[in-house]
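Novice: Please see the structure below; I have some questions.
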Amino acid sequence: MDKFLVDDQKALKELYSDCLQAMKKSYSPYSKTAVGACIWTKDGKKIYGANIENASYGLTVCAERTAMFSAHLDGVKKEDQIVLGIAADFTGYAYPCGACRQVMAELLPFSCPVVMFDPKGNYKIINVGEIMPGIFTKDDLKNL
Ligand code: THU
């Protein structure tokens, strides 16, 4: 699949079920909130992420970031990532935090859709390019 089609209901259902699978890997003894993420790649790979907490609370890493870092470590190219899905056992939609949005802008293509599910499987979709207004990127750095 070259591109994730955001109106493909079958693909959205499958992505939701992948995110639920990922949630099972959550290590969240402190918040008792499980979050799961899944990245699909052009060549059909699925990369999973879950939130990993720590007794030193601030060291917690969100599900989205563990998935994106894992994709990077697996050698998946930025342009080969076609969708990122997120699900959580929150009551509402699994909106990514600001830190994860910043990392998305770095590691995912701007055209990549981010699908945020609620616990009933309803979803909202936003592209990485629209994920945070005025986002800081490498283009803002001085050319050294
Ligand atoms: N969490 C995520 O995994 N992703 C987000 O975008 C928001 C928050 C996790 C972090 C922590 O383990 C738990 O949810 C409660 O904040």
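Novice: I'd like to know how segment 9-140 sits against the 2.2 N^0.38 Å rule of thumb: what's its Cα Rg over that expected value? Working shown, then result.
Specialist: Numbers: Rg = 13.8 Å, N = 132, 2.2 N^0.38 = 14.1 Å.
Compactness ratio reported: 0.98.
Novice: Report the charge-dipole magnitude of the chain in Debye, nearest 20, computed about the Cα centre from +1 at each Lys and Arg Cβ and -1 at each Asp and Glu Cβ.
Specialist: On the way: 17 positive and 17 negative charges, 47 e Å.
With Lys and Arg at +1 and Asp and Glu at -1, about 220 debye.
Novice: Can you pick out the pairs among Lys45/Lys142; Lys3/Lys25; Lys45/Lys138; Lys32/Lys138; Lys78/Lys142 whose Cα atoms lie more than 32 Å from each other? Show your work: numbers first, answer last.
Specialist: Details: Lys45/Lys142 36 Å; Lys3/Lys25 27 Å; Lys45/Lys138 27 Å; Lys32/Lys138 35 Å; Lys78/Lys142 23 Å.
In this structure, Lys45/Lys142; Lys32/Lys138 exceed 32 Å between Cα atoms.
Novice: Pulled fully out, how much extra length does the chain show between Ser111 and Asp74, if you take 0.36 nm times their separation in residues and subtract their Cα-Cα distance?
Specialist: 11.2 nm
Novice: A follow-up question, please. Kindly provide the helix-only [θ] at 222 nm of the chain, computed as the sum of -39,500 (n - 2.57) over DSSP H runs of four or more divided by all residues, to the nearest 500 deg cm²/dmol? Intermediate results must be reported in sequence, preceding the final value.
Specialist: Details: 3 runs with 36 residues, N = 144.
Calculated mean residue ellipticity at 222 nm is -8000 deg cm²/dmol.
Novice: Might you tell me the accessible area per residue for the chain, computed with a 1.4 Å probe and given in Å²? Let's see the in-between values first.
Specialist: On the way: 8230 Å² over 144 residues.
Solvent-accessible surface per residue comes out at 57 Å².
Novice: Expressed as a rounded percentage, what relative contact order does the chain have, with Cα pairs under 8 Å and six or more residues apart? Intermediate results must be reported in sequence, preceding the final value.
Specialist: Working: 290 pairs, mean separation 29.0, N = 144.
Value for the chain: 20 percent.
Novice: Here is a further query. Can you sort Leu107, Leu12 by 1.4 Å-probe accessible area, starting with the largest?
Specialist: Details: Leu107 45, Leu12 5 Å².
Putting Leu107, Leu12 in descending order of accessible area: Leu107, Leu12.
Novice: For segment 1-83, just say rounded, prolate or oblate: build the C-alpha gyration tensor, square-root its eigenvalues into a ≥ b ≥ c, call rounded for a/c under 1.5, and beyond that prolate if a/b exceeds b/c, oblate if not.
Specialist: Numbers: a/c = 3.17, a/b = 1.65, b/c = 1.92.
Note, shape of segment 1-83 comes out oblate.
Novice: The chain: longest stretch without exposed trypsin sites (Lys or Arg not before Pro) (DSSP loop, at most 14 other Cβ within 10 Å), sites themselves excluded? Provide the component values of the computation, followed by the final result.
Specialist: Working: sites that count: Lys3, Lys24, Lys32, Lys45, Lys77, Lys120, Lys142.
In short, 78-119.
Novice: Where in segment 54-123 are there chymotrypsin sites (Phe, Trp or Tyr not before Pro) that are in a DSSP coil and have at most 14 other Cβ atoms within 10 angstrom of their Cβ?
Specialist: Phe90, Phe110
Novice: Let me ask something else about it. Tally Lys/Arg at +1 and Asp/Glu at -1 over every other residue whose Cβ is under 14 Å from the Cβ of Cys38; what's the total? List each step's numbers first, then the result.
Specialist: Details: positive: Lys13, Lys24, Lys25, Lys45, Lys46, Arg65; negative: Glu14, Asp18, Glu64, Asp74.
That sum, taken over residues with Cβ under 14 Å, equals +2.
The values are calculated or read from the model by the stated rules, or taken from the named source; none is laboratory data. These numbers come from a predicted model, not from an experiment. Every residue, glycine as well, gets a Cβ built from its backbone with ideal geometry; the counts of neighbours run over all protein chains shown. For the accessible areas, the whole protein counts, side chains as well, though only heavy atoms, and no ligand, DNA or RNA atoms are used. Shrake-Rupley method; radii C 1.70, N 1.55, O 1.52, S 1.80 Å.
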